[in-house]
Amino acid sequence: MSEGTEREFLDARSLLCPLPVIRTEERVNQLAPGAVLEVRASDPGVLHDIPSWCRVNGHEVIEAREDGDEQVVVLKVGRDDDGGD
Amino acid sequence: MSRQPKAVALISGGLDSMLAAQVVKDQGVHVEGINFFTGFCVEGHTHAIRQKDKDKPKRNNALWSAEQVGIKLHIVDISQEYVGVVTNPKHGYGQNLNPCLDCKSFMVAKAREWMEENGFDFIITGEVVGQRPKSQRRDTFPVIADESGAGDLLLRPLCAQRFEPTLPEREGWVDREQLYDFSGRSRKPQMALAAQYGIEEYSQPAGGCCFLTDENFSRKLADLWEARGSKEYDLDDIMLLKMGRHIRPAPNYKLIIAREDGENRFMGGYRKRFHTVRDLDNPGPLALVQGEPSAGDLETAARITARYGKGRSAEQVRAEITPPGGEPYVAEVAPMPPAQIAEEWHV
């Protein structure tokens, strides 16, 4: 587990959904609560799917935007007991 | 049990798995969802690639289901291990190359592994006895329970009352009286239950969520295996089978011709792996050439590709042919008349 202070980066370009979500979950599982992860992707679906995945799993979406032909989602890792109802 | 029981629910994105999770969650069980990526999922990929689908919603139905029920969802990549299920199914295929019974056993087995790793107590599926001809039958349910290793820890809330009580029922982790006795192909009981929960919108994959149930896709996959002489594939193969026009003029090579701009762009990413062909003089598709084409085969490929571009009526066009990761060269070719593209070449 790394400390949740520095911004981590995940390159999910050229992957099609749901693979960017899967890679995001794999990375988030290695991070501590409070860590910030920036995901860069090339499938427009991530702007829907990663925020949706964050909502159900208790992570906070800080930013979700287009950047030219790419998409950027920045999230903050929640605690283990966040998410669900 | 002194603590809250925990169940992992297989979530496909369809109504049944969503209801099964909801029913058990309503009994006070902590439920988390799991969704498996096999590479053959219908939703997602083709929408992301094809330009004409850009305005369609790109919702992931499994995530959407989890949001509706209010549970966490874990999407797990099993595409590598899944190769063995597709290429060598113990129980054979369904109508196409769909190994439904092996697939279900495999997924329940993966859910069991996840359950054990994460300290959960049992597994939920949305299966309904009699719903599916291959995998959801009275005689196949015990096969899935046994071969997955889940045994008595596999609960099917929508039809549980039709079977002997499972461990979660016997132990009182769930109240059997509040489970259901659905059976058969009718969707009415599920739709009524959905209405009871106020669920008005849901996808209805009913087996259509997997490309392996698709006749056209299965034919292309079978062609690929035949051409290779073995049942091998990787994720890129699967991606490419989902797009383009597939034309095999000879056993040793096949063209995949893009049908629109989105596919043109996506297929351009495979330039290092395959020969590519395009018309230099006119707007038209990019074509990938898979296999071991000779120089003559590549000229034929260029002629076929030109037929699908704006230069189809020209006497000659300049075709750019690029070897995998190599330098392009130009060949003058005559676009092939449609009548010369044999019907049986279309995969």
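Worth pointing out:
- For chain B, share of DSSP beta bridges that run antiparallel, in % to the nearest 5: 60
- Taking 7 Å steps out from each Cα toward its Cβ at B:GLU67 and B:GLU343 produces label points 4.7 nm apart.
- Paramagnetic reach from B:ASN88 (point 7 Å along Cα→Cβ, amide N under 13 Å) across the stretch B:214-250: B:231-232
- Remark: the stretch B:295-347 carries a charge dipole of roughly 240 debye about the Cα centre, counting +1 on each Lys and Arg Cβ and -1 on each Asp and Glu Cβ.
- Shielding by partners, peptide B:63-75 (average Cβ within 10 angstrom, other chains): 6
- Measuring r between the beta carbons of B:ARG312 and B:GLU200 and using R0 = 45 Å, the FRET efficiency lands at 0.40.
- Centroid-to-centroid, using Cα positions, the stretch B:114-145 and the stretch B:75-110 are 14 Å apart.
- For A:VAL39, A:VAL28, A:VAL72, order by how many other beta-carbon atoms lie within 10 Å, fewest first: A:VAL72, A:VAL28, A:VAL39
- Per-residue Cβ neighbour rank within 10 angstrom, fewest leading, B:CYS210, A:CYS17: B:CYS210, A:CYS17
- Remark: mean inter-chain Cβ contacts per residue of A:38-46 equal 3, using a 10 Å Cβ-Cβ cutoff to other protein chain atoms.
- Taking the Cα atoms of chain B, the ratio Rg/Rh between the radius of gyration and the Kirkwood radius comes to 1.08.
- Of the chymotrypsin sites (Phe, Trp or Tyr not before Pro) in the stretch B:141-181, not one is in a loop by DSSP (not H, G, I, E or B) with at most 11 other beta carbons within 10 Å.
- Reducing the stretch B:234-285 and the stretch B:156-226 to their Cα centroids gives an inter-centroid distance of 37 Å.
- Point-charge dipole on Cβ atoms (K/R +1, D/E -1) for chain B, about Cα centre, debye to 20: 640
- If you count Lys pairs in the stretch B:168-262 whose Cα atoms are under 28 Å apart, skipping same-chain pairs closer than 8 places in sequence, the total is 6.
- The distance between label points at A:ASP11 and B:ASN118 comes to 3.0 nm (points 7 Å beyond Cα on the Cα→Cβ vector).
- Expressed to the nearest 5 percent, the antiparallel share of DSSP beta bridges inside the protein assembly as shown is 60 percent.
- Dipole magnitude of chain A, debye to nearest 20 (Cβ charges: Lys/Arg +1, Asp/Glu -1, about Cα centre): 40
- Projecting label points 7 angstrom from Cα along Cα→Cβ for B:LEU167 and A:ARG55 puts them 3.5 nm apart.
Readers should treat all values here as calculations from the given coordinates under stated rules, not as data from a laboratory. Computed from a predicted model, the values in this text were never measured in an experiment. Counting neighbours? That spans all protein chains shown, and the Cβs are built from the backbone with ideal geometry, glycine included.
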